[in-house]
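Enquirer: One structure coming up, written as structure tokens, with questions to follow.
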Amino acid sequence: MEQVILGIDPGTQILGYSIVEMANGKPNLVVMDVLYLKKIADFHLRIRKIFDATQHIIDMYHPDHLAIEAPFFGKNVQSMLKLGKAQGVAIAAAMSRDMSYTEYEPATVKQMVTGNGNASKEQVKTILGNLFHFDNDPRYLDATDALAVAYTCFMERTNPLGELRKELRPRPKRTKRMSWADYVHQNPDRVE
């Protein structure tokens, strides 16, 4: 099944995007770049630019699905709100073109690409560079983050068992020692 996935790493200063084509069960990188928004002083104009640019990318590459990174929870509430607006506008642009979308937590994306949910942006870039054979390093890590989101979506859609989310679900932390019987009772899905 051939599909084209648009990956977006939302941001109000730099927005990363990528297009990954699924052909013959393998991902192929079509484009990876950033939308540089720092020079636009008015926040409302930045949001409008995100909407217009997302629609332009969709019209240019005709993706079937949007994979977008969810905002992370940080200490600065205002930054989180702005990031959420950027994400919402990108989703709205995709929906205005009748596209479906999937939102991915940053730790899930890092886990899928590197095997470590706490990996650095540089580690993600290095792994993706090896997978997709970049000619040169992207200017901004936001572009490789967008590629990581698209790649995660690709892996989820090509997983024959459809159990990616279950595999990536964080395991519960053990706070005290428990007996084997207690463990089996609390984790029946992990014991055969």
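The values are calculated or read from the model by the stated rules, or taken from the named source; none is laboratory data. Worth saying up front: this structure is predicted, and the values here are computed from it rather than measured. With ideal geometry, Cβ positions are generated from the backbone for all residues, glycine too; neighbour counts draw on all protein chains shown.
Enquirer: Could you check Asn159 against (1) under 14 Å from the mean Cα position of the chain (by Cα); (2) modelled with pLDDT under 95; (3) of a type in the set (S, T, N, Q) and say which number it fails?
Expert: (1)
Enquirer: While we're on this one: Scan the stretch 7-21 residue by residue and report those that are within 17 Å of the chain's Cα centre (by Cα) and either charged (D, E, K, R) or farther than 16 Å from Phe132 by Cα (or both). Walk me through how you get there before you give the answer.
Expert: Going through the stretch 7-21, the residues within 17 Å of the chain's Cα centre (by Cα) turn out to be 7-12, 14-21.
Listed by number, the residues that qualify are Ile8, Asp9, Pro10, Gly11, Thr12, Ile14, Leu15, Gly16, Glu21.
Enquirer: Separate question: Which one is farthest from Thr152 (Cα to Cα) among residues in the stretch 104-132 that are of a type in the set (Lys, Arg) and crowded, with 17+ Cβ neighbours inside 10 Å?
Expert: At the first step, the residues of the stretch 104-132 found to be of a type in the set (Lys, Arg) are 110, 121, 125.
Filter once more, so that each one left must be crowded, with 17+ Cβ neighbours inside 10 Å: 110, 125.
Details: Lys110: 9, Lys125: 14 Å.
Applying the filter and picking the extreme gives Lys125.
Enquirer: I've got another one for you. Among the residues of the stretch 84-103, is there at least one that is of a type in the set (Asp, Glu) and buried (at least 16 other Cβ atoms within 10 Å of the Cβ)?
Expert: Taking the stretch 84-103 and keeping what is of a type in the set (Asp, Glu), we get 98, 103.
If we keep only those that are buried (at least 16 other Cβ atoms within 10 Å of the Cβ) too, we end up with none.
Scanning the stretch 84-103 turns up no residue that is of a type in the set (Asp, Glu) and buried (at least 16 other Cβ atoms within 10 Å of the Cβ).
Enquirer: Please go through (1) buried (at least 17 other Cβ atoms within 10 Å of the Cβ); (2) out of contact with any Ser or Thr (no Cβ under 8 Å at 6 or more places or on another chain); (3) more than 17 Å from Glu103 (Cα to Cα); (4) at pLDDT 95 or above for Pro27 and return the number of the only condition it doesn't satisfy.
Expert: Exception for Pro27: condition (4).
Enquirer: Mind checking which residues of the stretch 115-140 are out of contact with any Ser or Thr (no Cβ under 7 Å at 6 or more places or on another chain) and either part of a strand (DSSP E or B) or closer than 24 Å to Asp52 by Cβ (or both)?
Expert: Arg139, Tyr140
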